1. Could you sort Asp83, Asp98 by their accessible area in this structure, using a 1.4 Å probe and putting the largest first?
2. What spacing in nm lies between the two simple spin-label points modelled at Asp83 and Thr47, each 7 Å away from Cα in the Cβ direction?
3. Give me a comma-separated list of calculated 3J(HN,Hα) values for the range 77-82, in order, Karplus coefficients 6.51, -1.76, 1.60 applied at θ = phi - 60°, integers in Hz, x for any Gly or Pro.
Amino acid sequence: MVQRAATATLVVLGLNSLGLPAMHASSERTTALVTIAEANARCLIKTKRMKAAPARDIANRFLLSKGVSAAEREEVQNAPGYDDLMRRYIDEQGGCEDLVRNLR
């Protein structure tokens, strides 16, 4: 739980360092959740630990369980700098192999 909070904080700090405007707490939370869920799915697929459909399904169900709607998810993913933010998050986790290893 503490690790997830620290990770979410890193994602939010990444937003600020990318020059994205300051957001209110719920938007920061949503951005962090979407970034983490999408990075996990992307890395599970990239490392061939999971096929695309089940990995995306897990990410979708996780976000829905956290109260993040499909529209909010899309808004985050379409924000300027989002791809850079996700790549940075993956890099900070040690790359996809380490990220997936730590999911277990």
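1. Values: Asp83 85, Asp98 55 Å².
Accessible-area ranking of Asp83, Asp98, largest first: Asp83, Asp98.
2. 2.4
3. Karplus values, whole Hz, x for Gly and Pro: 5, 8, 5, x, x, 4.
The values are calculated or read from the model by the stated rules, or taken from the named source; none is laboratory data. Everything numeric here is computed off the predicted structure, so don't read it as measured data. Glycine also receives a Cβ, built like all others from the backbone with ideal geometry; neighbour counts cover every protein chain displayed. What goes into the accessible areas is simple: the full protein's heavy atoms, side chains included, and nothing from ligands, DNA or RNA. Shrake-Rupley method; radii C 1.70, N 1.55, O 1.52, S 1.80 Å.
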